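The values are calculated or read from the model by the stated rules, or taken from the named source; none is laboratory data. Since this is a predicted model, take the numbers as computed values, not measurements. So basically every Cβ, Gly included, is an ideal-geometry build from the backbone, and we count neighbours across all protein chains shown. For accessibility, only protein heavy atoms count, side chains too; no ligands or nucleic acids. Shrake-Rupley method; radii C 1.70, N 1.55, O 1.52, S 1.80 Å.
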Amino acid sequence: MSDLFWLSDAQMARLERFFPKSHGKPRVDDRRVLSGIIFINRNGLRWRDAPKEYGPHKTLYNRWKRWSDKGIFAQMLVGLAADHREEQTVMIDATYLKAHRTASSLGRKRGPGDKRGRVIGRTKGGMNTKLHAICDSRGRPLNLFITAGQVSDYVGARALCSSLPTVGWLLGDRGYDADWFREALEDKGIKACIPGRKQRKTPVKYDKRRYKRRNQIEIMFGRLKDWRRVATRYDRSPTVFLAAIALAALVIFWL
């Protein structure tokens, strides 16, 4: 099949430092397996429908599940993003991702220390997961966080605040207009370019010209949703779903 995806030598070289060490028998060909995982996620296929060129579908799924649970794909995203340090501007925003019935059906058994559940909630648009993200001035994702769909943007902002790089500005919409968030940014030496909520008695001044650049993060969300396993959540496990988003961000923006 001519439309199959294959990682190049240069791309593999950039990823190898994140691979966990193999214990016992050597792993099956990393290039073939990772290329197959990317193909499945981009096209939203079932694992059993993987083209035979990528090998047994069980091998693809087992590697995907094991590395997702270990956070390997998220580490790849954060690690490669750190290699291209942003010094000027970052942006924060959130978007809804539709949960398929296979992801939202049945109850999820919680393990020890699991307080978040399946991270799916009901909104006006149905069952959704909300993706919160930080991106750089070129619209490339730096960090990701997911919550249930009905959760406030403040929760995502609080979770991502500690990972903000040292930059001059942060752009965000009215959903991030909170005094505690502005104070947290000020403590980090970051200027907030966030419009004030309409309920504020005292209007908040912000750089309207600079604020227009915020469309970069909207474009980023649109490109991530081109991957079918991101636009529609099929995975019941929130860890695995976050890995799917991280993998898409990694391939689209950082490889």
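Structure shown: which of Lys21/Lys191; Lys25/Lys130; Lys130/Lys198; Lys25/Lys98 lie over 30 Å apart, alpha-carbon to alpha-carbon? Walk me through the numbers before you get to the answer.
Values: Lys21/Lys191 42 Å; Lys25/Lys130 39 Å; Lys130/Lys198 24 Å; Lys25/Lys98 39 Å.
Pairs exceeding 30 Å: Lys21/Lys191; Lys25/Lys130; Lys25/Lys98.
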Once Rh is set to the Kirkwood radius over Cα pairs, what Stokes-Einstein translational diffusion coefficient, in µm²/s, holds for the range 128-196 at a temperature of 37 °C and a viscosity of 0.692 mPa s?
264
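Net charge within 12 Å of Gly79 by Cβ-Cβ distance, Lys/Arg positive one each and Asp/Glu negative one each, not counting Gly79 itself?
On the way: positive: Arg14, Arg17; negative: Glu16, Asp83.
Neighbourhood net charge equals 0.
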Leaving ligands, DNA and RNA out of it, work out the accessible area of Asp83 with a 1.4 Å probe and give it in Å² to the nearest 10.
90
Would you work out if the range 113-251 is rounded, prolate or oblate? Take a ≥ b ≥ c from the square roots of the eigenvalues of the alpha-carbon gyration tensor; rounded if a/c is under 1.5, else prolate when a/b is larger than b/c, oblate otherwise.
prolate
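Looking at the square roots a ≥ b ≥ c of the eigenvalues of the Cα gyration tensor of the range 5-104, which shape do they give, rounded for a/c under 1.5, prolate if a/b is larger than b/c, or oblate?
Details: a/c = 1.91, a/b = 1.19, b/c = 1.60.
Oblate, because a/c is 1.5 or more while a/b does not exceed b/c.
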Taking H placed 1.01 Å from N in the peptide plane, check which residues at least 5 places from Asn143 or on another chain put their amide H under 5 Å from its amide H.
Ile134
Would you grab the residues whose amide H sits under 5 Å from the one on Gly196? Only those 5+ places off in sequence or on another chain, please, with H modelled 1.01 Å from N.
Val204
Treating only the Cα positions of the range 15-70 as identical point scatterers, give the base-10 log of I(q)/I(0) from the Debye formula at each q in 0.16 Å⁻¹.
-0.47
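Magnitude of the Cβ-charge dipole of the range 162-255, K/R +1 and D/E -1, about the Cα centre, nearest 20 debye? Please report the intermediate quantities before stating the final value.
Numbers: 21 positive and 10 negative charges, 101 e Å.
Magnitude of the dipole: close to 480 debye.
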Give me, ordered by chain and number, the residues 5 or more places off Thr123 or on other chains with an amide H under 5 Å from its own placed amide H.
Asn128
In whole Å, what are the extents of the chain along the principal axes defined by its C-alpha atoms, from largest to smallest?
63, 42, 37
